[in-house]
Number of protein chains: 2
Amino acid sequence: MKRFFNSILIIFSMYSHSGWSQEANLVTEDFKPSSVNQPEKQFPQVNSQGRVRASILAPNANKVQLDIGGVKYDMRKDANGIWTGESNPQDEGFHYYQLNIDGASVPDPGSLYFYGAGRWGSGIEIPAKDQEFYDLKNVSHGLVSENIYFSKLTNSFRRCFIYTPPGYNENPKTRYPVLYLQHGSFEDETGWSSQGKANLILDNLIASKEATPMIIVMDNGYAYKPQSKDSKEKKERPESVFEEVLITEVIPMIDTKFRTIANRENRAIAGLSMGANQTMRIMMNQLDTFSYYGGFSGTANYPSTEPIDTSSFLDGKYKEGAALNKKIKLFWLGLGTKEPVPFPKSVGAFKTMLDQQGIKYKYYESPETAHEWLTWRRCLYQFASQLFK
Amino acid sequence: MKRFFNSILIIFSMYSHSGWSQEANLVTEDFKPSSVNQPEKQFPQVNSQGRVRASILAPNANKVQLDIGGVKYDMRKDANGIWTGESNPQDEGFHYYQLNIDGASVPDPGSLYFYGAGRWGSGIEIPAKDQEFYDLKNVSHGLVSENIYFSKLTNSFRRCFIYTPPGYNENPKTRYPVLYLQHGSFEDETGWSSQGKANLILDNLIASKEATPMIIVMDNGYAYKPQSKDSKEKKERPESVFEEVLITEVIPMIDTKFRTIANRENRAIAGLSMGANQTMRIMMNQLDTFSYYGGFSGTANYPSTEPIDTSSFLDGKYKEGAALNKKIKLFWLGLGTKEPVPFPKSVGAFKTMLDQQGIKYKYYESPETAHEWLTWRRCLYQFASQLFK
């Protein structure tokens, strides 16, 4: 089913008293299907303004809305029962979204599905001016492997994904450094190699010789000690054992199963948001395990924006700047320029502390992006090119 | 949000004049969340009768239905705007389904999503009495790797998934036989290692030493020659080149990238439905490439149920039974006992032809299953245990 809107010019709220000018509300009719649509699906679409247009057949519905970026946009019904509607312009990059049909929040049957915001649901790509770095190109591609393992610490099956670089299988004597790369809150181990495009970013960086070929391990950041029945009934918060799982279960498994260079000089850890917080804490406990650190949109003081007292912060681990500088090969922080409260001030307070302690670090700002995947794709691109050199 | 129905006994159409007895319409209140729900989601649920209960908040909807097995079941709205409803008992195993909200067919936000029936959408598991063979167990697990490649024949990026057995990475000198395993129509390369459970079936078979450790390659069965603009405009049907892609692109790639035993004695090909049809045609053209054949719910004469004339069928390839018996190590066919028209008679006609030609084959019937994944899981389980021995 194909529908065309080429000749229609839709004007939103012409008489609006909001800050939007009439010009800003004009919808440019150059919509194209999103690059993450299901096969053959014509909707959702994106135009050059970054507007999203959704469309769904719902002949008996009273109200259908496109729910994206925290705003619900009313859609319009045509004579065939097809509802169509557009969002305001969205930031470049990847966004989670959903449809709302008479009060039911559901995935859009036109899009592919991604895990984030605590659910499997719809996602959309607004083309980015710099997207070439994560484009699927005709270069050699690494593999992304699903690895199921049983964790004794959590008494459960867990899963991680492992990126092995191009040439890994063809060069059976070569060993590789490893980056442990973590997702954010309400996301999971699938994020980085799906909406995160970690595999494509590394394929491209390796093809252009900008990055050292490396293995990337993407595990699930939620790991809890099994609770007693009593503790469950009291609804006590389970104890996180992610650090122990990573250090005592995942790393030994990876070093056995893959051809790693199993030493601190060849091990990096990074994460986004919650993953940045986690990996920073882990690294400061495990300076003999990792020597490269990347914090994308997050630092260990989150959500505080207050000045950091290094005598007490993380058990005083940031007190000895000179000693840390010797141990840490790269301390890298990244943030989007449009990130919401409290990220700018929280990361700012952390940077001030690093400056005061004389701890060397690199800081990157992703232009015009918020707390979203384009920030983190760019962070990975920048960070990965500086590893293991 | 947790809702309990333990004390409610719902009686469907007590006064129904249909063939259903009153007893058959009683809903047993022992529903449990489906094993393929999204994390933390309480619905959909399944009871011991194999009924599916769906539930969704849709306060302003006029009509909400559960759409499964070709039947739409009306759901009921409670005072909080939550719609709930049950299906009739379903066959054991995996089924695709969806919700219908005021005429919109959408995925259930409670389930995980699977590609089948031509879309990414909801799936549900009805526990099967014999499910132990595909359970996730604490045995050694193989890896399932996503492999992106550029196909010159189709001028497009394609993807296959590769199962490498437990021990593959730890035993770098061992080489393995390979099974090429294809999906059905309106499915894709994700099916076998997701709803097909091919990885878990093999993990379990290998752990119990019932199967020879093998590599499994799962490619996308849709592959077309690029069309000219003219041909596209005329809406001409594109030419399938799946056989050429498999033989000249995929197999050489796999033999380079993975430690295969690259000869016909150590290569098998199998598929379900469309994949059975494809692989049978491919094998008869490529007897020097494969020596094991598996057809799950499909044969090369599909959809015909007529007697087969071996002088013309597939260019006379089945004429020389004795010669085929020498070449083929295993010719294996499987079918569910509840498969719809035309499968039973079409497979029957094919078997009659094999009998008449004296071609040896093994035939398996999956009890109480239709043209669905439990049939194919069982087929793989049976077939894989007989390979490479």
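The values are calculated or read from the model by the stated rules, or taken from the named source; none is laboratory data. Here the structure is a predicted model, which is why all the values come from computation and not from measurement. Neighbour counts run over all protein chains shown; Cβ positions are idealised from the backbone, glycine included.
Considering region B:233-280, the residues that are within 25 Å of the chain's Cα centre (by Cα), among the aliphatic types (A, V, I, L, M) and farther than 17 Å from B:PHE161 by Cα include one that is surrounded by the fewest Cβ atoms within 10 Å (Cβ to Cβ), namely B:VAL241. The number of residues in region B:354-369 being of a type in the set (S, T, N, Q) and surrounded by fewer than 15 Cβ atoms within 10 Å (Cβ to Cβ) comes to 1.
If we scan region A:303-326, do we find a residue that is under 30 Å from A:LYS209 (Cβ atoms) and of a type outside the set (S, T, N, Q)?
If we filter region A:303-326 for residues that are under 30 Å from A:LYS209 (Cβ atoms), which is where we start, we get A:325-326.
Then keep just the ones that are of a type outside the set (S, T, N, Q); that gives A:326.
Yes.
Across region A:116-129, the number of residues qualifying as surrounded by fewer than 22 Cβ atoms within 10 Å (Cβ to Cβ), at the interface with chain B (Cβ under 9 Å from one of its Cβ atoms) and at negative phi comes to 1.
Taking the residues in region A:359-389 that are of a type in the set (Lys, Arg) and at pLDDT 95 or above as candidates, determine which candidate is farthest from the chain's Cα centre (by Cα).
That would be A:LYS360.
The residues of region B:122-132 that are touching a Leu at 6+ places or on another chain (Cβ under 8 Å) and assigned to a strand (DSSP E or B), listed by number, are B:SER122, B:GLY123. Of the residues making up region A:161-208, just one is within 24 Å of B:ASN169 (Cα to Cα), of a type in the set (Val, Ile, Thr) and under 15 Å from the mean Cα position of the chain (by Cα), namely A:THR190. If the condition is being assigned to a loop (DSSP other than H, G, I, E, B) and within 12 Å of chain B (Cβ to nearest Cβ), then region A:198-224 contributes A:ASN220, A:TYR222.
The residues of region B:235-284 that are more than 14 Å from every other protein chain (Cβ to nearest Cβ), under 18 Å from B:ARG175 (Cβ atoms) and not in a helix (DSSP H, G or I), listed by number, are B:ILE261, B:ALA262, B:ASN263, B:ARG267, B:ALA268. Among the residues making up region A:40-56, those that are surrounded by fewer than 17 Cβ atoms within 10 Å (Cβ to Cβ) and farther than 19 Å from A:PHE94 by Cβ are A:GLU40, A:GLN42. Could you please let me know if B:PHE157 is assigned by TED's automatic domain parsing to the domain that holds B:GLY295, touching a Phe, Trp or Tyr at 6+ places or on another chain (Cβ under 9 Å), surrounded by fewer than 23 Cβ atoms within 10 Å (Cβ to Cβ) and free of Cβ contacts under 8 Å to residues at least 24 places away in the same chain? Yes; evaluated as a whole, the condition is true for this residue.
Considering (1) in contact with a Phe, Trp or Tyr (Cβ under 8 Å, 6 or more places away or on another chain); (2) more than 11 Å from chain B (Cβ to nearest Cβ); (3) under 25 Å from A:LEU374 (Cα atoms); (4) surrounded by fewer than 19 Cβ atoms within 10 Å (Cβ to Cβ), the lone condition that A:THR174 does not fulfil carries the number (3).
Just to be sure before I move on: is B:TYR113 among the aromatic types (Phe, Trp, Tyr), without any contact (Cβ under 8 Å) to a residue 60 or more places away in the chain, within 13 Å of chain A (Cβ to nearest Cβ) and within 29 Å of A:LYS41 (Cβ to Cβ) in the structure I sent?
Details: among the aromatic types (Phe, Trp, Tyr): yes; without any contact (Cβ under 8 Å) to a residue 60 or more places away in the chain: yes; within 13 Å of chain A (Cβ to nearest Cβ): yes; within 29 Å of A:LYS41 (Cβ to Cβ): yes.
It is true that B:TYR113 is among the aromatic types (Phe, Trp, Tyr), without any contact (Cβ under 8 Å) to a residue 60 or more places away in the chain, within 13 Å of chain A (Cβ to nearest Cβ) and within 29 Å of A:LYS41 (Cβ to Cβ).
For region B:302-332, filtering for residues that are over 29 Å from B:LYS389 (Cα atoms), polar (S, T, N, Q) and surrounded by 15 or more Cβ atoms within 10 Å (Cβ to Cβ) leaves 3. The set of residues in region A:57-84 that are of a type in the set (Val, Ile, Thr) and either away from chain B (no Cβ under 14 Å) or surrounded by fewer than 22 Cβ atoms within 10 Å (Cβ to Cβ) (or both) comprises A:ILE68, A:VAL71, A:ILE82, A:THR84.
Checking the conditions here, which among A:SER273, A:SER304 is on the phi > 0 side of the Ramachandran plot and touching a residue at least 40 places away in the same chain (Cβ under 8 Å)?
Numbers: A:SER304 fails: on the phi > 0 side of the Ramachandran plot.
The conditions single out A:SER273.
Checking region B:356-366 against the condition returns a match, with at least one residue being under 17 Å from B:LYS197 (Cβ atoms) and touching a residue at least 24 places away in the same chain (Cβ under 8 Å). For region B:327-359, residues that are under 22 Å from B:THR212 (Cα atoms) and of a type outside the set (Phe, Trp, Tyr) total 6.
Considering (1) surrounded by 23 or more Cβ atoms within 10 Å (Cβ to Cβ); (2) under 30 Å from A:ASP135 (Cα atoms); (3) over 25 Å from the mean Cα position of the chain (by Cα), the lone condition that A:SER34 does not fulfil carries the number (3).
Any residue at all in region A:336-346 that is touching a helix residue (DSSP H, G or I) at 6+ places or on another chain (Cβ under 8 Å) and within 27 Å of A:ASP135 (Cα to Cα)?
Kept after step one, since they are touching a helix residue (DSSP H, G or I) at 6+ places or on another chain (Cβ under 8 Å), are these residues of region A:336-346: A:336, A:339.
Pick out the ones that are also within 27 Å of A:ASP135 (Cα to Cα) and you get A:336, A:339.
Yes, region A:336-346 contains a residue that is touching a helix residue (DSSP H, G or I) at 6+ places or on another chain (Cβ under 8 Å) and within 27 Å of A:ASP135 (Cα to Cα).
B:ILE162 fulfils the conditions (1) within 10 Å of another protein chain (Cβ to nearest Cβ); (2) touching a strand residue (DSSP E or B) at 6+ places or on another chain (Cβ under 6 Å); (3) surrounded by fewer than 21 Cβ atoms within 10 Å (Cβ to Cβ) except for a single criterion, (3).
Of all residues in region A:196-204, at least one satisfies being modelled with pLDDT of 95 or more, touching a Pro at 6+ places or on another chain (Cβ under 8 Å) and closer than 26 Å to A:SER111 by Cα. For region B:81-127, give me the residue count where each residue is small (Gly, Ala, Ser) and in contact with a helix residue (DSSP H, G or I) (Cβ under 6 Å, 6 or more places away or on another chain). Number of matching residues: 1. Considering only residues in region B:89-107 that are more than 8 Å from chain A (Cβ to nearest Cβ) and touching a residue at least 40 places away in the same chain (Cβ under 8 Å), the one that is surrounded by the most Cβ atoms within 10 Å (Cβ to Cβ) turns out to be B:GLY93. Among the residues of region B:199-232, those that are among the aliphatic types (A, V, I, L, M) and more than 23 Å from A:GLN38 (Cβ to Cβ) comprise B:LEU200, B:ILE201, B:LEU202, B:LEU205, B:ILE206, B:ALA207, B:ALA211, B:MET214, B:ILE215, B:ILE216, B:VAL217. Tell me, yes or no, whether region B:130-141 has at least one residue that is crowded, with 21+ Cβ neighbours inside 10 Å, more than 19 Å from B:ARG267 (Cα to Cα) and within 11 Å of chain A (Cβ to nearest Cβ). Within region B:130-141, one or more residues are crowded, with 21+ Cβ neighbours inside 10 Å, more than 19 Å from B:ARG267 (Cα to Cα) and within 11 Å of chain A (Cβ to nearest Cβ).
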